[in-house]
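Below is one structure, written out as structure tokens, with a few remarks after it.
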Amino acid sequence: MSALSPRYPEAEARSILLMLCGEMLGTKSYTHLIEPSYTVDPSREADLEEALARLREGEPVQYVLGKATFFGRDFRVGPGVLIPRPETEQLCEMALSACREMSNPAVLDLCTGSGNIAWTLALEHPGARVVGVDKSPAALAFASGQPFDVPEPPRFIRADILADPEGLPAGEFDLVVSNPPYILESERRMMRDNVLCYEPEEALFAPDEDPLLFYRAVARWADAVLRPGGKIFAEINETLGLSAKALMEDFGFHNVLIIKDFYGKDRFVSCCKLQ
């Protein structure tokens, strides 16, 4: 743990090392207790040292391992794609709850990134027709290359949500789901180097002068593609709850709700398109 202690608190450093050893060596968190004489296979030492060197430089363990766990599944991740966060699982739960009220819902996932939301909805609700949108070729390569099998896999298309929606049928979607960039530029100083130096800025940050930039885009796309009665579920910056709510109401959406995450922070906004 001493190798990582300059970058991480002790408990986090221990968790990272256990994850690394579990993946690369097949050890468990208790291996050192039940096998005190355990030694690393010499054939694995070079790979382990290389991985440790990357971790010491601050590279996220998910990039080092090439995967991140989300909703109980391992998603491929690497440079150029945002690492899925636990809070976003709650966004999926809300979307899935809405999907279960329909037989074959059509879902649009804006700013799809690794495709973790799109794939989760397709896997958890067979029959869902899911389309993921992102402007990043690197992110779309990860999204389309996820190692899952489902009768109707998500379809991924390249588009910038800040531009006008094109190429998608108007009024044909039942749900719009999005985890857009929402960290303010001024919040950089509170973030760790292992995020700032490795994860893609375009998937993280919104401008201070227009913090609702991406929510305005989500609302515009949703207004164009949602059927009457369709729903929006979006992840938000905890400081923007009331502003995001007001924006959705200004677009004419109704039943706008701010929903807290498991830390008790304003984290999601949901609303409906008028019938």
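The values are calculated or read from the model by the stated rules, or taken from the named source; none is laboratory data. All values derive from a computational prediction rather than experimental measurement. Note that each Cβ is placed from the backbone with ideal geometry, even for glycine, and that neighbours are counted across all protein chains shown. SASA here: full protein model, heavy atoms, side chains in, ligands and nucleic acids out. Shrake-Rupley method; radii C 1.70, N 1.55, O 1.52, S 1.80 Å.
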Inset, instruction - Might you work out the accessible area of MET190 for me, using a 1.4 Å probe with all protein chains in place, and round it to the nearest 10 Å²? - result: 130
Inset, instruction - Determine the equivalent ellipsoid of the stretch 53-186 by diagonalising the alpha-carbon gyration tensor, then write out the semi-axes as square roots of 5 times the eigenvalues, largest first, rounded to whole Å. - result: 25, 17, 14
Legend entry - √(5λ) per eigenvalue of the Cα gyration tensor, the stretch 129-275, largest first, Å: 24, 22, 14
Inset, instruction - Can you check what the Kirkwood hydrodynamic radius comes to for the stretch 213-275, Cα pairs only, in Å to one decimal? - result: 11.5
Legend entry - Of all DSSP beta bridges in the chain, antiparallel share, percent nearest 5: 40
Legend entry - With DNA, RNA and ligands ignored, accessible area of CYS197 (1.4 Å probe; Å², nearest 10): 90
Legend entry - Cα principal axis extents for the chain, largest first, Å: 68, 43, 33
Legend entry - Förster radius 35 Å - calculated FRET efficiency between ARG227 and ASP193 (Cβ-Cβ, nearest 0.05): 0.20
Legend entry - Filtered GluC sites (Glu not before Pro), the stretch 168-216: DSSP coil and at most 15 other beta carbons within 10 Å: GLU172, GLU209
Legend entry - Of every Cα-Cα pair in the stretch 80-146, the percent that sits beyond 19 Å: 28
Inset, instruction - Per DSSP H run of n ≥ 4, the term is -39500 (n - 2.57); total these for the chain, divide by its residue number, and report the mean residue ellipticity at 222 nm rounded to 500 deg cm²/dmol. - result: -10000 deg cm²/dmol
Legend entry - Neighbour-limited loop hits for GluC sites (Glu not before Pro), the stretch 57-149 (at most 16 other Cβ within 10 Å; DSSP other than H, G, I, E, B): GLU57, GLU101
Inset, instruction - Return the ratio Rg/(2.2 N^0.38 Å) for the stretch 189-237, where Rg is computed over Cα atoms only. - result: 1.50
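May I ask for the percentage of alpha-carbon pairs in the stretch 147-209 that lie more than 15 Å from each other? Intermediate results must be reported in sequence, preceding the final value.
Working: 1351 of 1953 pairs.
Cα-Cα pairs in the stretch 147-209 separated by more than 15 Å: 69 percent.
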